[in-house]
1. Show me the strands (runs of 3 or more DSSP E) found entirely inside region 57-157 where at least 1 residues are within 30 Å of Arg195 (Cβ to Cβ) and at pLDDT 90 or above.
2. Which condition number does Ala335 fail, the rest of (1) in contact with a Lys or Arg (Cβ under 9 Å, 6 or more places away or on another chain); (2) open to solvent by 40 Å² or more (accessible area, probe 1.4 Å) being met?
3. Which members of region 194-223 meet the condition of being of a type in the set (A, V, I, L, M) and open to solvent by 30 Å² or more (accessible area, probe 1.4 Å)?
4. Can you name the number of the only condition in (1) under 18 Å from Leu270 (Cβ atoms); (2) at pLDDT 95 or above that Asn249 fails?
5. When the residues of region 168-184 are narrowed to those that are assigned to a loop (DSSP other than H, G, I, E, B) and surrounded by 14 or more Cβ atoms within 10 Å (Cβ to Cβ), which ends up modelled with the highest pLDDT?
6. How about region 295-305: which of its residues are at pLDDT below 95 and either assigned to a strand (DSSP E or B) or not hydrophobic (A, V, I, L, M, F, W, C) (or both)?
7. Any chance you could count how many residues in region 224-242 are over 54 Å from the mean Cα position of the chain (by Cα) and either surrounded by 16 or more Cβ atoms within 10 Å (Cβ to Cβ) or not in a strand (DSSP E or B) (or both)?
Amino acid sequence: CSVATKLCLRLLLRLNACLCHLHVETLQSKRELQGTLKQVQKLLTAHETSYCNKTIYQTTCPKLDAPTNGRKLGKSQSVGHEVHFLCDPGYELVGAESRLCQESLVWSGQQPTCRDINECASSPCLNGGTCVDEASQFSCVCAKGWAGVTCQNIDECQLFHNGQAGRLCQHACVNTAGGYRCTCPAGYDVTRDGRGCKDIDECATRLNNCTKDQTCINTNGGFQCVRVECPKIPNATYIKTSPMRCERNPCPMDNKACSQTPNSFSYHYLSLVSNLSAPRVMFRVSALRQVGDTLRFSLLGGRPIRRYFTVQRSDRLTGQLMLVSPVQGPATLEAEVEMMELERREQLGRYITKVTMFVSQYDF
């Protein structure tokens, strides 16, 4: 109990004892003084009892709860002790970070709360992305061609270089902001779907520099200007009967060497892509009617040309030039197919077809 109160009570008791020895003028005055002292004694006693009860039963501050979505650090509720408050990730503290138990047994400050942080307030989604606020985090709904937490550009060229559906672009892919575009080499245009390449026909569009005495041959990615010159062969002469055909002049009756030379030369030009699959038919040579008892087809030239081609008969009057091995471009190949008419193994006529193939460096 209060030391001061105890001292007051002791002093009161001593005063009361002294009254018995004091000389007072009248008995009535003595009685009045004693009554006053008794009242003071009662008040002091009641005050002391109230103080002692308060000290015994209320020596700590009331219990504090942790804020919703937060924590409280510290358990002591004694006078002079502090408790501290923290919020869970994604929440921010509103109010006092700590509270002190005061001598009045009342906590200082106000009870704090934990408020949800709006992660989208700083507009973290870039490049037109829409931010979605979530508990302690955010996500971005990105526009087409963008991905990731902050909507970064997707490199479609790298991501889909060789996917299950094939190459993203037939030739070259250029990554752009939010997308990509396909490009084609010189001599090609991009197709309508934006992914493939189609050849530009320079001969049809007059994008060539061929002269009037030349023939424009369109190739994959370019063109060739050709002019057929009739061959010069001993014992025979040839004249051009069309831009792509030369025929032998009539031979004297007694000139057997002349009659053994080819009756005609025909010229044909093909445009091929690189690495064309084989085997496949490249060209057919036919006779209008059979003269003599045998019609024979053969491939002229040495081993280099036979590496890629052969000649086969397809029916009684037709032979076909066959590609037997893919050709890696760019390259220019020439194959000569001979058709010979025989009667009892004697030559009746020879016809040469020259096929020139321009192979592109690309496979399209």
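The values are calculated or read from the model by the stated rules, or taken from the named source; none is laboratory data. The structure displayed is predicted, hence computed values, not measured ones. Every residue, glycine as well, gets a Cβ built from its backbone with ideal geometry; the counts of neighbours run over all protein chains shown. Please note that ligands, DNA and RNA were not included when accessible areas were found on the heavy atoms of the full protein model with its side chains. Shrake-Rupley method; radii C 1.70, N 1.55, O 1.52, S 1.80 Å.
1. On the way: elements: 70-73, 82-87, 91-94, 98-100, 113-116, 130-134, 137-141.
Strands (runs of 3 or more DSSP E) meeting the threshold: 130-134, 137-141.
2. The number of the failed condition is (2).
3. Within region 194-223, Ile200, Ala204, Leu207 meet the criteria.
4. (1)
5. Of the residues in region 168-184, the ones assigned to a loop (DSSP other than H, G, I, E, B) are 168-171, 177-178, 184.
Pick out the ones that are also surrounded by 14 or more Cβ atoms within 10 Å (Cβ to Cβ) and you get 168-171, 178, 184.
Numbers: Leu168: 88, Cys169: 93, Gln170: 92, His171: 94, Gly178: 85, Cys184: 97.
Once the filter is applied, the top-ranked residue is Cys184.
6. Initial filter on region 295-305 (at pLDDT below 95): 301-305.
Hits for region 295-305 are Gly301, Gly302, Arg303, Pro304.
7. The initial filter retains those residues of region 224-242 that are over 54 Å from the mean Cα position of the chain (by Cα), namely 229-242.
Those still in the list that are either surrounded by 16 or more Cβ atoms within 10 Å (Cβ to Cβ) or not in a strand (DSSP E or B) (or both) too: 229-232, 234-238.
Qualifying residue count for the region: 9.
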